[in-house]
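Read the figures in this text as sums done on the coordinates, not as results from a lab. As the structure is a prediction and not an experimental result, all values here were calculated from the model. Virtual Cβ from ideal backbone geometry, glycine too; neighbours counted across all protein chains shown.
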Amino acid sequence: MKRRLVLWVPLALFFVFAVTVAVSLYAPTDRTIRSRMIGKPVPQFVLPAAVPGRPGLESRDLAAGQPRIVNVFASWCLPCITEAPQLLALKELDLPIDAIAIRDRPEDIAAFLAKWGDPYQRIGSDKDSRVQMAFGSSGVPETFVVDGAGIIRYQHIGEIRPEHMAEIVQAYEAAR
Amino acid sequence: MIAEAGLAALWLAASLSLMQLAFGAFALRQGGESLLGTVRPVAAAQAVLVAISFACLVLLFLRTDLSVALVAANSHSAKPWLYKFAGAWGNHEGSMLLWVTVLAVAGGAVALFERKLEQRTLIATLAAQAAIALGFYAFLLFASNPFERLNPAPAQGQGLNPLLQDPGLAFHPPTLYFGYVGISIAFSFAVGALVTRDVGAAFARAMRPWVLAAWIFLTLGITAGSYWAYYELGWGGWWFWDPVENASLMPWLAATALLHSVTVLATRDSLRAWTVMLAVVAFSMSMVGTFLVRSGILTSVHAFAVDPERGFFILILLTLYIGGALALFALRVGTVREGATFEPVSREGALVANNLLLSAILGIVLVGTLYPLGVEAVTGEKLSVGPPYFNSAAGPLALAMVAIMAAGPLIRWRRDKARDVLARIAVPVLLSAVMLFALVLLAPGVGILPLAGLVLAFGVGAASVAPLWKRNLRRTPLFTWGMVIAHLGIAVSLVGMASESAFTKETLVAVAPGQTAEVGPYRIRFDKVDPIAGPNWTAIEATLTARRGDGKPFTLHPQARMFSSPPTETSEADITTVLDGQLYTVLGKPDEQGRWQLRLWWKPFVTLIWFGGILIALGGLLSLVGRVRRERRVKLEEAYA
């Protein structure tokens, strides 16, 4: 009889494993990689205009007294299409949004904005991703909230989906 | 059209696997014998259909059809064709489709070619195989359809994770998958044998080639994965105890134990229950491994699919298969007779010891990999178990196992005399002692584990070739050669590992053009940096001139690469291989004064680690060929008798 019981031990151990794993699968964990730049001033940079007729972006623009949203995007990025309606909605709420266009061409950016909407005030062209990396950003899209003194207050990694809107507006209000 | 054809073929294959399971189950019942003959062709047809489906996916990637969501998310028209090809499985959906393809094709091969197994056990095996495949089909069709269309189609795709853009990695996952899937066949055999209560020598002989083949692929997969991490990640290490690496190591450990116990079962009809248990454990480990990698539950440098829903789906499959098999094992194994007995001092005894040590190491790796999960589930605290735990817990056991491995082949089956065994291993032991003496004298301050490793490696090397001693080499069976070469491979790898950990020299410097640095026997001058461009990346490339003593100078070009889609930076180490080691150079970041960080390593005999891995796999291949050839000959002799 004892021998019989021993045979069930592997099954019991396996179920302990399965339950533990199921718990941690659904535990609300924070899997995002936070930028080490939060709470620090934006890096010094000057980016040329990405599209004709629109100013480029430099670090001074981000420390002009008013909090701003900085969206890192590219015309070749699919999730950027997904988040376009949300950015337009933020613009409707009168939040100022600037952009850093990563490894992109003026005509592609213009076509992208014509097709998916244009929420931006300034667009800087970051040809080799240097400024992006200086921001501590690791992919596109990413969105930062910078306060009036040029300190990075908030980072959103990945596309902004409707359920993220409240958090971003809140972060913007907090940066005032 | 191609995408729809691929999806249709996948649905058809899934329904055939359902049919295979149902027919198999009926055939095993009283009065269902009329269905016995239908299961084999169904299994073969399923294999063909799923292969068509996978071919469709590869075709979509080769054409960069961006109207397919998976292609758009993982490919880019500017990518070299090899990576478009590899892109088909360099992502979650594609790799799952590859998995089920290999599974079904292997199942088809069993259906067509397996002749040693009793008919009813074969049918039960094919039914078990269909049950596994069915779960994966459901997963693909309901949770991660690789053929989903995207509307609107984007103008350009996102590209493959640049870390994966490497020829080694293009073929690394398929290699591991062949291994995992080969083990799933062993698992199905075990389930089939439990169902029909037919665990014996014939069953072991039928299962052995599959275990061997799976083990060869796992060995190659781990070796390649280790070398990839070593040169691609630019960290200079060859094993990180990363959860994803552990996910491939655990099935290998279990498969190695299974390989040896299946040999005992095939030759001596012993260790029946243990062999079945190991087959279940080995498959559990490959499933758990897949789960850990696919669910994103453990954060890792190479996990690339983070999604709790999919993780939950795989977890359910895992619970059904492993839970089911363990329950079947507990219910049935009591009725499996233990078979032949043996004395403690015997080849069987050594193999049991080796099996127990392998299982203990497996336990250590499993605990170390899962412990952070358990802690997080209970206390919510995040922590990680680092290399110190694994090295200090698994290292000594691994060395003990290697010592037993040296003696094992020199012990007779069934019973032997301890004194005779000692006499046979006298020469290797003597060689180890000489080595120990030399090392302590010539290289003082070597850590205890590397020292033990080096000393043992020489003893094992000598002991491995001892079975060939005084034999007619041309008449030695191929599988004996296989064993000798595989064991020698372990010794060679061990020399590499111990030497790398004992003698590596590292230098980290910030240098301006024209300045020099030293590492080990090399002087390295930093000449300049240049920007360069590749097909879908740009890079900063350094030019270094290295020179060993008065030898001829040569140049190295480590790069820091930037990929545009998705934007990622990778570091391309430049490595020079010489007979006694490797010079490993990595270009780091610039500082404000115009100096560049340079990381230099001199790693004596490090290449032996992977060379040993290749030898181990080659040994496995020779054994496999030897076994298959002998089977053929026996069959021919029977036919003409």
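For chain A, just run the numbers: alpha carbon Rg, then divide by 2.2 N^0.38 Å, N being how many residues it has.
Cα Rg divided by the expected 2.2 N^0.38 Å: 1.40.
Which percentage, to the nearest 5, of the DSSP beta bridges contained in the protein assembly as shown is antiparallel?
Here the share of antiparallel DSSP bridges comes out near 90 percent.
Two decimals, Cα atoms only, Kirkwood Rh: what is Rg/Rh over the protein assembly as shown?
Using Cα coordinates only, the ratio equals 1.00.
Taking a temperature of 25 °C and a viscosity of 0.890 mPa s, what whole-number D in µm²/s does Stokes-Einstein yield for chain B with Rh from Kirkwood over alpha carbon pairs?
After rounding, the answer is 92 µm²/s.
Averaged across the residues of B:26-38, what count of C-beta atoms belonging to other chains lies within 10 Å of each residue's C-beta?
Average per residue, whole number: 0.
Please list, or write none, the lysines whose alpha carbon is within less than 22 Å of the alpha carbon of B:K528, excluding same-chain residues fewer than 8 places away.
B:K528 reaches B:K552, B:K589.
Enter the mean number of other protein chain beta carbons within 10 Å of the beta carbon of each residue in A:7-13, as an integer.
Mean inter-chain Cβ contacts per residue within 10 Å come to 6.
Using a 4.7 Å Cβ cut-off, which Cys residues in the protein assembly as shown lack a partner cysteine?
Among the cysteines of the protein assembly as shown, those whose Cβ sits 4.7 Å or more from every other are B:C56.
Give the average, rounded to an integer, of partner chain Cβ atoms located within 10 angstrom of each Cβ in B:282-292.
Across B:282-292, the average partner-chain Cβ count within 10 Å equals 1.
Which peptide among B:312-319, B:193-200 comes first, and what is the full order, when sorted by highest mean count of other Cβ atoms within 10 Å?
Highest-to-lowest ranking by the protection proxy: B:193-200, B:312-319.
Would you please give the FRET efficiency between B:R197 and B:W81, computed as 1/(1 + (r/R0)^6) with r the Cβ-Cβ distance and R0 = 45 Å, to the nearest 0.05?
Taking R0 as 45 Å, the efficiency between B:R197 and B:W81 is 0.30.
How much mean residue ellipticity at 222 nm does chain B get from its helices, if each DSSP H run of length 4 or more adds -39500 (n - 2.57) and you divide by all residues, to the nearest 500 deg cm²/dmol?
-21500 deg cm²/dmol
Of the beta bridges DSSP finds with both residues in chain A, what % are antiparallel, to the nearest 5?
In chain A, DSSP labels about 60 percent of beta bridges as antiparallel.
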